[in-house]
1. Tell me, yes or no, whether region 338-354 has at least one residue that is more than 30 Å from GLN215 (Cα to Cα), within 22 Å of the chain's Cα centre (by Cα) and free of Cβ contacts under 8 Å to residues at least 12 places away in the same chain.
2. Could you look through region 90-125, keep only residues that are closer than 19 Å to ALA23 by Cβ, over 27 Å from the mean Cα position of the chain (by Cα) and hydrophobic (A, V, I, L, M, F, W, C), and pick out the one that is surrounded by the fewest Cβ atoms within 10 Å (Cβ to Cβ)?
3. Working only within region 295-340, note down all residues that are touching a helix residue (DSSP H, G or I) at 6+ places or on another chain (Cβ under 9 Å), assigned to a loop (DSSP other than H, G, I, E, B) and more than 23 Å from ASP207 (Cβ to Cβ).
4. Could you look through region 239-281, keep only residues that are aromatic (Phe, Trp, Tyr) and under 12 Å from PHE184 (Cα atoms), and pick out the one that is nearest to the chain's Cα centre (by Cα)?
5. Of (1) under 12 Å from ALA8 (Cβ atoms); (2) modelled with pLDDT of 90 or more, GLY103 satisfies all except one. Which?
6. Within region 230-263, which residues are buried (at least 21 other Cβ atoms within 10 Å of the Cβ) and hydroxyl-bearing (Ser, Thr, Tyr)?
Amino acid sequence: MNRRIIIAGGGTGGHIFPALAIAGALKKMDSSIEILFVGAKGKMEMEKIPQAGYPIEGLDIAGFNRSSLIKNIGLPWKLLKSFWQVRKILQQFKPDAVLGVGGYSSFPVLRVAQVKGIPTFLHEANSYAGRSNQLLAKKVNCVFAGVMGLDRFFPAEKVCHTGNPVRDVITKPLPSLEESRKHFKLDSNRPTLLVVGGSLGARSINDAINNGLDQLLAANIQVIWQTGKSFASQAEKVCSGKQGVWTGAFIEQMEMAYAASTLIVARAGAMTVAEIAVVAKPAIFVPFPHAAEDHQTANAMQLVKHQAGLLIADHAAATQLISAVIELCIDEEKRKQMTEQIRPMGIRDADQRVAIELLKRINA
């Protein structure tokens, strides 16, 4: 009898990429396993999951809107509807286990599965566990922890430290410096700054780079600047006619960008932090200040407290980021120390660890 597993969650690349990595590891271990994803209608998983070759069911669910309370009027109805949809999905698919990877679509799926007595599992990527995951953890079989220290949020006996699964192109040896910089039409001998604000970009980081680009170029620093969609056209104008800078809304081949970089400036989403640890690059983190429970600051602090990264608060990016970048690009010794500190924190086989532990528990 083939095993059937539902993977629930999404909303951002930070939930989708690890979910796909875990699905791939499960299929490698047992190609007969049937996997069904459940996400939220209108979110990026509805596009990304089928592109990766997996079926997905969408729920009519939305998260709480903090900026406009009036938009939450339909929330109770959407939540109720999503529970009905989940019951139907579970009835038809008959899963042997359900894994939640975060995002508000995972809550109703795991909750209904728990009521039905189906084994449930969580993967918590962040250093600060969200409220819904804390509620779900009381009845899950196991919490796969992306970072250390999560037993302050979950029952210690249920926590299994696996690390955060990253894209497989990141776990393989990176392209050469020469090849990667050529890919971005950059000089192979100049220090190169990689700026990534996530798939949506990051306003404070984009503004700081926008205002300080000439300063960076004057300091002989090349820039690979991923802006996100909303800032892309503005960045293109700023960079027009300038040598030593690449800009785009999105970077398709992140392995090239990591390989080309001397230093990285980024938000501190769990997956970004995990990838930077795997590629072992010095980084300055500018955490998104409005993330739930300020979890991005907690993520960055996991590295900062080991001298494996630097942190600049979002509100300070305008005045501090450019000078910090120039200082670190000059200080080769400091960068070497950061690389040495971050390297042991990179976990390359987290997807396999999750898959092994999950199968072990449902086969028991």
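The values are calculated or read from the model by the stated rules, or taken from the named source; none is laboratory data. Since this is a predicted model, take the numbers as computed values, not measurements. Using ideal geometry, Cβ is built from the backbone for each residue, glycine included, and neighbour counts are taken over all protein chains shown.
1. Within region 338-354, one or more residues are more than 30 Å from GLN215 (Cα to Cα), within 22 Å of the chain's Cα centre (by Cα) and free of Cβ contacts under 8 Å to residues at least 12 places away in the same chain.
2. Ranking the candidates gives PHE93 first.
3. Correct list: HIS306, GLN307, ALA308.
4. Applying the filter and picking the extreme gives TYR258.
5. The single condition GLY103 does not satisfy is (2).
6. Within region 230-263, THR247, TYR258, SER261 qualify.
Rundown of residues vs (1) within 27 Å of GLY228 (Cα to Cα); (2) at pLDDT below 85; (3) in a helix (DSSP H, G or I); (4) touching a strand residue (DSSP E or B) at 6+ places or on another chain (Cβ under 6 Å), yes/no style:
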{"site": "GLY10", "(1), (2), (3), (4)": "yes, yes, no, yes"}
{"site": "GLY14", "(1), (2), (3), (4)": "yes, yes, yes, no"}
{"site": "PHE17", "(1), (2), (3), (4)": "yes, no, yes, no"}
{"site": "LEU20", "(1), (2), (3), (4)": "yes, no, yes, no"}
{"site": "GLY42", "(1), (2), (3), (4)": "yes, no, no, no"}
{"site": "MET46", "(1), (2), (3), (4)": "yes, no, yes, yes"}
{"site": "GLY53", "(1), (2), (3), (4)": "yes, no, no, no"}
{"site": "ARG66", "(1), (2), (3), (4)": "yes, yes, no, no"}
{"site": "ILE70", "(1), (2), (3), (4)": "no, yes, yes, no"}
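Every residue, every condition in (1) aliphatic (A, V, I, L, M); (2) within 23 Å of VAL278 (Cα to Cα), yes or no:
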residue: PRO175; (1), (2): no, yes
residue: ARG181; (1), (2): no, yes
residue: VAL196; (1), (2): yes, yes
residue: SER204; (1), (2): no, no
residue: TRP225; (1), (2): no, yes
